[in-house]
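Here is the structure we will look at.
The values are calculated or read from the model by the stated rules, or taken from the named source; none is laboratory data. Quick caveat, the model's predicted, so the values are computed rather than measured. Cβ placement follows ideal geometry from the backbone for every residue including glycine, while neighbour counts extend to all protein chains displayed. What goes into the accessible areas is simple: the full protein's heavy atoms, side chains included, and nothing from ligands, DNA or RNA. Shrake-Rupley method; radii C 1.70, N 1.55, O 1.52, S 1.80 Å.
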Amino acid sequence: MSEGPVLVFDSGIGGLSVLREARVLMPGRRFVYVADDAGFPYGRWEEAALNDRIVALFADLIGRHKPALALIACNTASTIVMPALRKAYPDLPFVGTVPAVKPAAERTRSGLVSVLATPGTVKRQYTRDLIRDYADKVHVRLVGSENLASLAETYMRSGFVDEAAVKAEIEPCFVSHEGRQTDIVVLACTHFPFLVNRMRKMAPWPVDWIDPAEAIARRALAIVDTLPKNADFSDGRDLATFTSGNPDLAQRRLMHGFGLTVD
Ligand code: DGL
(Lines give C-alpha, C1' and ligand atoms only; values in the text may rest on other atoms or scores of the structure.)
Protein backbone atom coordinates (compact mmCIF):
# COMPACT_ATOMS: atom_id res chain seq x y z
CA MET A 1 0.00 0.00 0.00
CA SER A 2 3.05 2.28 0.04
CA GLU A 3 2.06 3.79 -3.32
CA GLY A 4 -1.26 4.92 -1.84
CA PRO A 5 -2.22 8.45 -0.79
CA VAL A 6 -1.63 10.22 2.49
CA LEU A 7 -4.95 10.30 4.31
CA VAL A 8 -5.53 13.43 6.42
CA PHE A 9 -8.33 13.00 8.95
CA ASP A 10 -10.16 15.60 11.04
CA SER A 11 -13.56 16.16 12.61
CA GLY A 12 -14.26 18.92 10.12
CA ILE A 13 -12.41 21.38 7.95
CA GLY A 14 -9.76 22.36 10.52
CA GLY A 15 -7.36 19.70 9.30
CA LEU A 16 -6.92 21.72 6.13
CA SER A 17 -4.41 23.75 8.17
CA VAL A 18 -2.28 20.58 8.32
CA LEU A 19 -3.03 19.47 4.76
CA ARG A 20 -1.68 22.72 3.31
CA GLU A 21 1.67 22.24 5.11
CA ALA A 22 1.82 18.54 4.24
CA ARG A 23 1.35 19.27 0.56
CA VAL A 24 4.21 21.74 0.51
CA LEU A 25 6.51 19.16 2.08
CA MET A 26 5.26 16.18 0.04
CA PRO A 27 4.61 17.38 -3.50
CA GLY A 28 5.10 13.84 -4.79
CA ARG A 29 2.18 12.37 -2.88
CA ARG A 30 -1.54 12.18 -3.47
CA PHE A 31 -3.82 13.22 -0.59
CA VAL A 32 -7.25 12.21 0.62
CA TYR A 33 -8.84 14.61 3.09
CA VAL A 34 -11.47 13.11 5.37
CA ALA A 35 -13.86 15.33 7.36
CA ASP A 36 -15.94 13.48 9.92
CA ASP A 37 -18.58 16.17 9.70
CA ALA A 38 -21.25 13.72 10.87
CA GLY A 39 -19.36 13.54 14.19
CA PHE A 40 -18.45 17.25 14.51
CA PRO A 41 -17.69 18.71 17.03
CA TYR A 42 -15.40 16.16 18.68
CA GLY A 43 -14.79 18.46 21.65
CA ARG A 44 -18.05 17.37 23.24
CA TRP A 45 -17.78 13.59 22.74
CA GLU A 46 -17.31 11.12 25.55
CA GLU A 47 -13.85 9.46 25.21
CA ALA A 48 -14.74 5.79 24.72
CA ALA A 49 -17.51 6.54 22.22
CA LEU A 50 -15.25 8.79 20.16
CA ASN A 51 -12.46 6.22 20.23
CA ASP A 52 -14.78 3.47 18.93
CA ARG A 53 -16.28 5.71 16.29
CA ILE A 54 -12.90 6.62 14.77
CA VAL A 55 -11.53 3.07 14.84
CA ALA A 56 -14.69 1.87 13.06
CA LEU A 57 -14.50 4.65 10.45
CA PHE A 58 -10.95 3.65 9.56
CA ALA A 59 -11.96 0.14 8.55
CA ASP A 60 -13.93 1.65 5.69
CA LEU A 61 -11.41 4.41 4.90
CA ILE A 62 -8.51 1.97 4.62
CA GLY A 63 -10.57 -0.37 2.44
CA ARG A 64 -11.60 2.42 0.10
CA HIS A 65 -8.44 4.51 -0.19
CA LYS A 66 -5.59 2.11 0.66
CA PRO A 67 -3.48 4.90 2.17
CA ALA A 68 0.29 4.75 2.61
CA LEU A 69 0.02 6.78 5.81
CA ALA A 70 -2.76 8.29 7.92
CA LEU A 71 -2.34 11.66 9.55
CA ILE A 72 -4.81 12.33 12.35
CA ALA A 73 -4.96 16.13 12.09
CA CYS A 74 -7.01 16.57 15.23
CA ASN A 75 -5.80 16.99 18.80
CA THR A 76 -9.14 15.97 20.30
CA ALA A 77 -8.96 12.63 18.49
CA SER A 78 -5.20 12.02 18.68
CA THR A 79 -5.02 12.44 22.45
CA ILE A 80 -7.13 9.28 22.83
CA VAL A 81 -7.29 7.17 19.70
CA MET A 82 -3.71 6.60 18.53
CA PRO A 83 -3.02 3.40 20.52
CA ALA A 84 -6.34 1.85 19.40
CA LEU A 85 -5.75 2.75 15.74
CA ARG A 86 -2.22 1.35 15.76
CA LYS A 87 -3.45 -1.84 17.38
CA ALA A 88 -6.40 -2.29 15.00
CA TYR A 89 -4.41 -1.50 11.82
CA PRO A 90 -0.79 -2.50 12.49
CA ASP A 91 0.24 -2.33 8.80
CA LEU A 92 -0.58 1.35 8.41
CA PRO A 93 1.71 4.06 9.81
CA PHE A 94 -0.25 6.70 11.78
CA VAL A 95 0.90 10.20 12.70
CA GLY A 96 -1.03 12.06 15.39
CA THR A 97 -1.39 15.67 16.49
CA VAL A 98 -0.87 16.61 20.11
CA PRO A 99 -0.69 19.99 21.87
CA ALA A 100 2.67 21.74 21.27
CA VAL A 101 3.43 22.00 24.99
CA LYS A 102 7.12 21.16 24.65
CA PRO A 103 8.09 23.91 22.15
CA ALA A 104 6.01 26.41 24.12
CA ALA A 105 7.79 25.52 27.37
CA GLU A 106 11.17 25.87 25.63
CA ARG A 107 10.37 29.27 24.14
CA THR A 108 8.47 31.14 26.84
CA ARG A 109 10.32 34.00 28.49
CA SER A 110 7.69 34.99 31.03
CA GLY A 111 7.10 31.40 32.14
CA LEU A 112 3.35 31.78 31.53
CA VAL A 113 1.93 29.68 28.71
CA SER A 114 -1.67 28.92 27.74
CA VAL A 115 -2.96 25.93 25.81
CA LEU A 116 -6.11 26.74 23.87
CA ALA A 117 -7.98 23.56 22.90
CA THR A 118 -11.39 21.92 22.80
CA PRO A 119 -12.95 20.92 26.13
CA GLY A 120 -12.14 17.30 25.21
CA THR A 121 -8.40 17.88 24.73
CA VAL A 122 -8.16 19.87 27.96
CA LYS A 123 -9.65 16.99 29.97
CA ARG A 124 -7.35 14.29 28.58
CA GLN A 125 -4.81 12.54 30.76
CA TYR A 126 -2.51 12.68 27.70
CA THR A 127 -2.49 16.48 27.82
CA ARG A 128 -1.84 16.52 31.57
CA ASP A 129 1.05 14.06 31.11
CA LEU A 130 2.59 16.27 28.41
CA ILE A 131 2.60 19.19 30.82
CA ARG A 132 4.09 17.10 33.63
CA ASP A 133 6.82 15.71 31.33
CA TYR A 134 7.78 18.81 29.34
CA ALA A 135 6.58 21.91 31.14
CA ASP A 136 7.16 21.37 34.84
CA LYS A 137 9.14 24.62 35.13
CA VAL A 138 6.50 26.85 33.60
CA HIS A 139 2.94 27.71 34.50
CA VAL A 140 0.53 26.26 31.94
CA ARG A 141 -3.08 27.35 31.85
CA LEU A 142 -5.42 24.96 30.03
CA VAL A 143 -8.29 26.73 28.31
CA GLY A 144 -11.09 24.58 26.92
CA SER A 145 -13.05 26.56 24.37
CA GLU A 146 -16.64 25.47 23.74
CA ASN A 147 -17.22 27.51 20.61
CA LEU A 148 -14.02 28.37 18.75
CA ALA A 149 -13.98 25.27 16.51
CA SER A 150 -17.53 26.04 15.38
CA LEU A 151 -16.69 29.72 14.90
CA ALA A 152 -13.75 28.65 12.72
CA GLU A 153 -16.01 26.33 10.67
CA THR A 154 -18.44 29.19 10.05
CA TYR A 155 -15.61 31.51 9.14
CA MET A 156 -14.12 29.02 6.69
CA ARG A 157 -17.46 28.54 4.98
CA SER A 158 -18.84 32.05 4.95
CA GLY A 159 -15.94 34.41 5.63
CA PHE A 160 -17.81 35.79 8.66
CA VAL A 161 -16.76 35.63 12.29
CA ASP A 162 -18.23 37.27 15.37
CA GLU A 163 -15.15 39.04 16.77
CA ALA A 164 -16.72 39.64 20.19
CA ALA A 165 -17.31 35.88 20.47
CA VAL A 166 -13.66 35.19 19.53
CA LYS A 167 -12.56 37.69 22.18
CA ALA A 168 -14.66 35.98 24.85
CA GLU A 169 -13.23 32.55 23.96
CA ILE A 170 -9.57 33.61 24.04
CA GLU A 171 -9.72 35.94 27.05
CA PRO A 172 -9.04 33.21 29.68
CA CYS A 173 -5.67 32.55 27.95
CA PHE A 174 -4.32 35.90 29.10
CA VAL A 175 -2.84 35.75 32.58
CA SER A 176 -0.99 38.47 34.51
CA HIS A 177 0.92 37.35 37.57
CA GLU A 178 3.43 39.31 39.67
CA GLY A 179 4.36 41.61 36.82
CA ARG A 180 4.61 38.78 34.26
CA GLN A 181 2.20 38.09 31.43
CA THR A 182 1.36 35.12 29.23
CA ASP A 183 3.64 35.28 26.18
CA ILE A 184 2.70 32.07 24.29
CA VAL A 185 -0.65 30.57 23.37
CA VAL A 186 -0.56 27.04 21.93
CA LEU A 187 -3.23 26.50 19.28
CA ALA A 188 -4.11 22.95 20.26
CA CYS A 189 -6.95 22.45 17.80
CA THR A 190 -6.45 22.31 14.05
CA HIS A 191 -9.39 24.64 13.47
CA PHE A 192 -7.87 27.55 15.37
CA PRO A 193 -5.05 28.64 13.01
CA PHE A 194 -7.73 29.80 10.56
CA LEU A 195 -8.85 32.39 13.11
CA VAL A 196 -5.41 33.47 14.27
CA ASN A 197 -5.56 36.92 12.67
CA ARG A 198 -8.83 37.66 14.48
CA MET A 199 -7.34 36.32 17.69
CA ARG A 200 -4.37 38.67 17.27
CA LYS A 201 -6.72 41.55 16.71
CA MET A 202 -8.86 40.78 19.76
CA ALA A 203 -6.00 39.86 22.15
CA PRO A 204 -5.43 42.14 25.18
CA TRP A 205 -1.67 42.08 24.48
CA PRO A 206 0.58 40.51 21.80
CA VAL A 207 1.65 36.90 22.26
CA ASP A 208 3.16 34.19 20.05
CA TRP A 209 0.53 31.79 18.76
CA ILE A 210 2.03 28.34 18.16
CA ASP A 211 0.54 26.52 15.19
CA PRO A 212 1.99 22.99 15.09
CA ALA A 213 0.84 22.18 11.53
CA GLU A 214 4.31 22.36 9.97
CA ALA A 215 5.86 20.19 12.70
CA ILE A 216 3.15 17.56 12.19
CA ALA A 217 3.67 17.61 8.44
CA ARG A 218 7.42 17.17 8.99
CA ARG A 219 6.79 14.13 11.15
CA ALA A 220 4.63 12.66 8.39
CA LEU A 221 7.31 13.45 5.80
CA ALA A 222 9.96 11.64 7.85
CA ILE A 223 7.86 8.48 7.63
CA VAL A 224 6.78 8.94 4.01
CA ASP A 225 10.43 9.38 3.03
CA THR A 226 11.07 5.82 4.07
CA LEU A 227 8.34 4.56 1.68
CA PRO A 228 8.67 4.14 -2.11
CA LYS A 229 7.51 7.10 -4.25
CA ASN A 230 3.90 7.35 -5.30
CA ALA A 231 3.53 5.55 -8.64
CA ASP A 232 0.45 7.45 -9.91
CA PHE A 233 1.54 10.92 -8.82
CA SER A 234 1.31 12.68 -12.19
CA ASP A 235 -2.40 12.20 -12.88
CA GLY A 236 -3.61 11.55 -9.33
CA ARG A 237 -6.30 13.90 -8.02
CA ASP A 238 -6.54 14.86 -4.39
CA LEU A 239 -9.89 13.95 -2.88
CA ALA A 240 -12.07 15.18 -0.05
CA THR A 241 -14.64 12.96 1.56
CA PHE A 242 -17.29 13.79 4.18
CA THR A 243 -18.73 11.18 6.53
CA SER A 244 -22.18 12.80 6.26
CA GLY A 245 -22.01 11.93 2.57
CA ASN A 246 -23.66 15.26 2.01
CA PRO A 247 -21.40 18.33 2.17
CA ASP A 248 -23.18 21.61 1.53
CA LEU A 249 -22.31 24.09 -1.20
CA ALA A 250 -20.01 26.14 1.05
CA GLN A 251 -18.05 23.03 2.06
CA ARG A 252 -17.77 21.95 -1.58
CA ARG A 253 -16.54 25.40 -2.58
CA LEU A 254 -13.97 25.39 0.18
CA MET A 255 -12.64 21.98 -0.87
CA HIS A 256 -12.50 23.12 -4.45
CA GLY A 257 -10.47 26.14 -3.33
CA PHE A 258 -7.98 23.74 -1.76
CA GLY A 259 -7.78 21.80 -5.03
CA LEU A 260 -9.71 18.81 -3.65
CA THR A 261 -12.33 16.90 -5.62
CA VAL A 262 -15.29 15.96 -3.43
CA ASP A 263 -15.76 12.21 -3.46
N1 DGL B 1 -10.06 20.13 15.05
C2 DGL B 1 -10.17 19.35 16.21
C3 DGL B 1 -8.91 19.40 17.08
O4 DGL B 1 -7.85 19.53 16.58
C5 DGL B 1 -11.40 19.45 17.05
C6 DGL B 1 -12.57 20.32 16.72
C7 DGL B 1 -13.85 19.66 17.20
O8 DGL B 1 -14.29 18.75 16.49
O9 DGL B 1 -14.36 19.99 18.29
O10 DGL B 1 -8.93 19.29 18.27
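Two decimals is fine: what's Rg over Rh for the range 54-192, C-alpha atoms, Kirkwood radius as Rh? My calculation puts Rg/Rh at 1.03. Pairs from the table (LYS87/LYS137; LYS137/LYS167; LYS87/LYS123; LYS66/LYS201; LYS123/LYS201; LYS87/LYS167) lying more than 32 angstrom apart at Cα are LYS87/LYS137; LYS66/LYS201; LYS87/LYS167. Of all DSSP-defined beta bridges confined to the chain, some 5% are antiparallel rather than parallel.
Basic side chains Lys and Arg get +1 at the Cβ, acidic Asp and Glu get -1 at the Cβ, and with that the dipole of the chain about its Cα centre reaches some 380 debye. Put simply, when 47-60, 120-133 are sorted by average Cβ atoms within 10 angstrom per residue, most first, you get 120-133, 47-60.
Between SER11, SER150, SER244, the GNM of the chain built on Cα springs shorter than 10 angstrom shows SER244 fluctuating the most. With contacts taken as Cα pairs under 8 Å at a separation of at least 6 residues, the range 115-263 carries a relative contact order of 21 percent. Please report, as a whole percent, how much of the solvent-accessible surface of the chain comes from carbon and sulfur atoms (probe radius 1.4 Å). Carbon and sulfur atoms account for 50 percent of the accessible area of the chain. Amide H contacts of VAL34: VAL8, PHE9, ASP10, THR241, each under 5 Å away and 5 or more positions distant or on a separate chain (H built 1.01 Å from N in the peptide plane; Pro and chain starts excluded). Averaging the sequence gap over all C-alpha pairs within less than 8 Å and six or more residues apart, then dividing by the number of residues, gives the range 22-103 a relative contact order of 28 percent. GNM remark for the chain: springs join alpha carbons under 10 Å apart, and the peak mean-square fluctuation among PRO204, PRO212, PRO41 falls on PRO204. Annotation: per residue accessible area for the chain equals 45 Å², rounded to a whole number [probe 1.4 Å, protein chains only].
Could you work out the percent of alpha carbon pairs in the chain separated by over 22 Å, rounded to a whole number?
54 percent
Classify the range 159-205 as rounded, prolate or oblate, taking a ≥ b ≥ c as the square roots of the eigenvalues of its Cα gyration tensor: rounded when a/c is under 1.5, otherwise prolate if a/b is larger than b/c and oblate if not. Since a/c reaches 1.5 and a/b is larger than b/c, the shape of the range 159-205 is classed as prolate.
For CYS74, the amide hydrogen comes within under 5 Å of the amide hydrogens of THR97, counting only partners 5 or more places away or on other chains and with H modelled in the peptide plane.
Using the per-residue mean of other Cβ atoms lying within 10 Å as a proxy for protection, in what order, highest first, do the peptides 91-101, 178-188 fall?
Descending packing order for the listed peptides: 91-101, 178-188.
Placing +1 on the Cβ of every Lys and Arg and -1 on the Cβ of every Asp and Glu, with no other charges, gives the range 1-119 a dipole of roughly 380 debye about its Cα centre. A cut-off of 5 Å between modelled amide H atoms, ignoring neighbours fewer than 5 places along the same chain, links VAL115 with ARG141, LEU142, VAL143, VAL186.
Taken one residue at a time, the phi angles of the range 200-214 give Karplus couplings (6.51, -1.76, 1.60, θ = phi - 60°) of 4, 5, 8, 6, x, 8, x, 9, 8, 9, 8, 9, x, 4, 5 Hz. Gly and Pro are set to x.
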